[in-house]
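Q: The structure under discussion is supplied below as structure tokens; questions concerning it will follow.
Read-outs throughout are calculated quantities, based only on the coordinates presented, and are distinct from any laboratory measurement. Remember, predicted model here, so these are calculated numbers, not experimental data. FYI the Cβ positions are ideal-geometry reconstructions off the backbone, even for glycines, and counts take in every protein chain you see.
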Amino acid sequence: MWLSMNKPHQHMGERIRKARRATDLTQQQVSDALNVSVQSVSQWETGRTRPDADRLVRLADLIGVSFEYLTKGTLADDGTIPKPARWPARNGLSSRYAPLIKSKGEALGTVARLFDEDEPEIILSQFKPIGRIFAYELTEKDEAAPVYREGDIFIIDDGIGFRNGDIVLALDFDGDTFDFRQVRGVRLDALDHTIVDLRPLDGGEVTSSLDLDGEENRILGTVVEHRRLRSR
């Protein structure tokens, strides 16, 4: 009775722990993906507390089980543990799982191939994407983007339209690397082509104007999430 009173969510915690281990995720990885402390994940697994509703949905996605199984222990008709409704949604991954790249040399061709890999390193996005998403980790300071730090992680969505102030990743003219740019204008030219004006993040003037009807692949996507680990 003492355990029941003090650990009301113990059975759910056991399911969380077993599913997490089955997917080879550490408590640290779960805490990073859900923006909570490792202590919170530990308390979920011991049954002392439980995630809120939003994090329960995201947690089920992350550890690869259905929401109903996680909360109630409901099994599939054949007695197996059911997968999330969105699993698999695209190439074996939930649509909110973003393949991760860590090098600016991994430009358009490599980014495209990420979606065909069987087991890419992935980051869980907090939001439902509009198009395809991928994640980019800044592994060294970028002089052209002084507001960002080494270790920052960005989620990029290639299905979002552009508007003033958006931060995008755009290929350079050689097409073998990319840079952060800020959208400073979206307009139509005399041929009704959509033109996007971009400038660097260091506050400089517009340095490029891209014709999306002829150069749509020059912009890899719009930054929809920016994560910075707290300094220790």
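Q: How many nm is it between the label spots at Glu137 and Arg149, if each spot is 7 Å from the Cα in line with the beta carbon?
A: If labels sit at Glu137 and Arg149, their model points lie 1.6 nm apart.
Q: Scan around Ile101 for amide H atoms under 5 Å from its own, H built in the peptide plane at 1.01 Å from N, and keep only partners 5 or more places away or cross-chain.
A: For Ile101, the qualifying residues are Ala135, Tyr136, Glu137.
Q: How much length is gained on full extension from Lys83 to Ala190, taking 0.36 nm per residue of separation minus their Cα-Cα distance?
A: 33.4 nm
Q: Can you tell me the FRET efficiency between Ser209 and Glu68 if r is taken as the Cβ-Cβ distance and R0 is 45 Å, rounded to the nearest 0.05?
A: E between Ser209 and Glu68, to the nearest 0.05, is 0.30.
Q: Give the lysines whose C-alpha is closer than 16 Å to that of Lys102, dropping any in the same chain fewer than 8 places away, or say none.
A: Output for Lys102: Lys141.
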